[in-house]
């Protein structure tokens, strides 16, 4: 069993990365293998709309020979995905949207008499930013992935407005922890293992994971970060 962590942030040490690592470490506690990929590392070409109703053309593994194709193969070979993205104007970052569009080739296998290759994969989403739009971002991603056939477990969305200080956001850390835990447990449940799919309040383990991530990413102490005050558009 394997969960692929997808980082849609240009900052490998930022809040999105911090909470994604929290989720993946929680999944590892369930004995699930994890891997993290960073979308800003290489080029993902934009989808050019090969999909047609009249004549199906769009199919896995996509026509482009690029980083996007590598990612599609990793997604295909995974049992679950956890996507972490900064909040860019009420939505995910550009590379995340590019990847979602390219994932059409996985879903469109239904046009060739096969199930969607996203069917049955378990997904969770993390959104981080010092601005409004977290719920919009999470709702878009979960809706798109579920429309491709993916399964959404309980408590599948975590978000924080603390930007680069997300690892110090206790509620967000606990939520990210549960995303990893429940993504892993749902995968096990689908494979026939009996599981309790409920939110777990484990402050001790979350604190241990937090300290491990701070050390791994070589983060500064909490009070050394600049924090932009979250902006609510409705208050303008």
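Of all positions in region 57-75, none carries a residue that is at pLDDT 95 or above, assigned to a strand (DSSP E or B) and surrounded by fewer than 16 Cβ atoms within 10 Å (Cβ to Cβ). Looking only at residues of region 142-170 that are modelled with pLDDT under 95 and assigned to a helix (DSSP H, G or I), we find that the one that is surrounded by the fewest Cβ atoms within 10 Å (Cβ to Cβ) is 170. In the set 44, 48, 36, only one residue is exposed (fewer than 13 other Cβ atoms within 10 Å of the Cβ) and under 20 Å from residue 93 (Cα atoms); that residue is 48. Taken over region 103-132, residues that are crowded, with 21+ Cβ neighbours inside 10 Å and either part of a strand (DSSP E or B) or in contact with a strand residue (DSSP E or B) (Cβ under 8 Å, 6 or more places away or on another chain) (or both) amount to 9.
The values are calculated or read from the model by the stated rules, or taken from the named source; none is laboratory data. Since the model is a prediction, treat every value here as computed from it, not as a measurement. Don't worry about glycine lacking a Cβ; one is built from the backbone with ideal geometry, like all the others, and counts go over all protein chains shown.
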